[in-house]
1. Please calculate the 1.4 Å probe accessible area of GLU135, with all protein chains present, and give it to the nearest 10 Å².
2. Compute the length gained on full extension between ALA16 and LYS124: take 0.36 nm times their separation in residues and subtract their Cα-Cα distance, giving the result in nm to one decimal.
3. Probe radius 1.4 Å, ligands and nucleic acids left out: which of SER104, SER57 has the largest accessible area, and how do the rest follow?
4. Accessible area of LYS21, 1.4 Å probe, to the nearest 10 Å²?
5. Run the reach check for LYS30 against lysines, Cα to Cα strictly under 18 Å, same-chain hits fewer than 8 apart removed. What comes back?
Amino acid sequence: MIKEKEQCIEFQRAKAAEVKKFCDIKYHTKKDERAIRKMDDEKFLRAWEDLKRYVFSDSMIGAGLVAYVCIFCLYHYDESDNDWDYCHNCAYGKNHGICAYTYSDWRKILKGMYYLATQPFTNKFYRDLLNKVMEEKT
């Protein structure tokens, strides 16, 4: 197992802990962890580097629970020229419903976040979290 996958899993767990503060929908599960561990190492590493580049970039717009900080979106993105086709191969989509669909866990979480006074998933949140998991899992 490559250490970056374990870092990624910790990253996902921490995001899930934040989600749990305002919503009972499961953002991350053991099934998701198994899917991350099964990802092709080379393709995973490209996606993980993309995620880190987005988070540490000064041009990262907003934040939130978006594709730029989703290892599943980044892992599958290059599979098709059509933006929506790659979602059908996504393990997260299979476990939680395809994010674009109204019944998906991701949509339900966003609906729960809509009522918050502040957005918990800021650029600073992601930067601090990545620094922490990369430090702990070295």
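The values are calculated or read from the model by the stated rules, or taken from the named source; none is laboratory data. Owing to the predicted nature of the structure, the values given are computational and were not obtained by experimental measurement. All accessible areas refer to the heavy atoms of the entire protein, side chains included, with ligands and DNA or RNA removed. Shrake-Rupley method; radii C 1.70, N 1.55, O 1.52, S 1.80 Å.
1. Here the accessible area works out near 140 Å².
2. 37.2 nm
3. SER57, SER104
4. 150
5. Output for LYS30: LYS3, LYS5, LYS15, LYS20, LYS38, LYS94.
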